[in-house]
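Written out below as structure tokens is the structure these notes cover.
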Amino acid sequence: MKKLIAYIVLVFVSISCSHAQKNVFSKEALAEKLLSADGNQIAFENILKKYRGKTLVIEVWASWCGDCIKAMPKIKELQANNSNVAYLFISMDKTADKWKEGIAKHELQGDHFMANDQMKGVFAKAIDLDWIPRYIILDKNGKIVLYRAIETDFDKINSTLKSLK
């Protein structure tokens with residue numbers, strides 16, 4: 001009996017900790033303000049409004065992240081092959097200077113914002129951030145169609161974008 005209970009608890013924990021795909025952002029994520037490249041604080045929901053009617057790829061990254069840097073050629077290839085898609089980069093850098101240096105160094109094309117409290121902050125928790133780079137894809141209606149993808153998931157990212165054409 002104890003083994004059965006332990007097994008049930010284990011299954012429950014595994015399911016509740018799984019990386020489920022969401023189709024909308026939480027209220028906390030939408031309300032959180034991000035720093036724009038020009039120094040303004042803008043609520044995430046207001047940032048997303050700009051992309052209504054467009055497919056959007058969001059990349060959460062940081063200039064200090066080795067996996068993010070390793071994935072830069074893949075994101076540039078993705079952009080070259082999907083010029084009709086909008087790209088939004090959200091940095092988890094610790095300082096605006098490092099963030100802006102990273103944008104320039106890697107020649108990242110798209111819109112840029114920075115989380116105010118990095119990897120363990122409110123925004124990161126609200127989007128279930130556990131790894132960077134992280135990619136999220138929204139369809140033209142603003143619905144999340146891919147919630148959790150990382151640098152090894154570019155086949156999934158490409159097929160998702162193809163399905164939205």
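In debye, nearest 20: dipole of region 54-104 around its Cα centre with unit charges on the Cβ of K, R (+) and D, E (-)? List each step's numbers first, then the result.
Values: 7 positive and 6 negative charges, 14 e Å.
Here the size comes out at about 60 debye.
As a test of reading the structure, rank Ser63, Ser83, Ser91 by solvent-accessible area (1.4 Å probe, protein chains only), most first.
Numbers: Ser63 30, Ser83 105, Ser91 0 Å².
The residues order as Ser83, Ser63, Ser91, largest area first.
Where does the chain land on Rg(C-alpha)/(2.2 N^0.38 Å)? Each step should come with its number before you reach the end.
Working: Rg = 17.0 Å, N = 165, 2.2 N^0.38 = 15.3 Å.
Its radius of gyration relative to the 2.2 N^0.38 Å reference: 1.11.
Short version: what are the Cα gyration tensor semi-axes of region 55-142, square root of 5 times each eigenvalue, largest first, in whole Å?
20, 16, 11
Need one value: the accessible area of Leu129 in square angstrom, 1.4 angstrom probe, rounded to the nearest 10.
20 Å²
Let me cross-check Val24: its accessible surface, 1.4 Å probe, with only protein heavy atoms counted, in Å² to the nearest 10?
Surface accessible to solvent at Val24 totals approximately 100 Å².
Over the chain, what relative contact order in percent results from Cα pairs under 8 Å that are six or more residues apart?
Computed value for the chain: 29 percent relative contact order.
Please get the size of the charge dipole for region 66-153, origin at its Cα centre, with Cβ charges of +1 on Lys and Arg and -1 on Asp and Glu, quoted in debye to the nearest 20.
Dipole of region 66-153, to the nearest 20 debye: 60 debye.
For a quick check of your reading of the filter: which trypsin sites (Lys or Arg not before Pro) in region 24-111 sit in a DSSP loop and have no more than 13 other Cβ atoms within 10 Å?
Here the sparse-neighbourhood loop sites are Lys50, Arg52, Lys54.
Can you give the calculated 222 nm mean residue ellipticity of the chain, where each DSSP H run of n ≥ 4 adds -39,500 (n - 2.57) and the sum is split over every residue, rounded to the nearest 500 deg cm²/dmol?
Result for the chain, helices only: -12000 deg cm²/dmol.
Give me the percent of DSSP beta bridges within the chain that run antiparallel, rounded to the nearest 5.
Roughly 60 percent of the beta bridges in the chain run antiparallel, per DSSP.
The values are calculated or read from the model by the stated rules, or taken from the named source; none is laboratory data. Computed from a predicted structure; not experimentally measured. So basically every Cβ, Gly included, is an ideal-geometry build from the backbone, and we count neighbours across all protein chains shown. Calculation scope for accessible area: heavy atoms of the full protein, side chains included, ligands and nucleic acids excluded. Shrake-Rupley method; radii C 1.70, N 1.55, O 1.52, S 1.80 Å.
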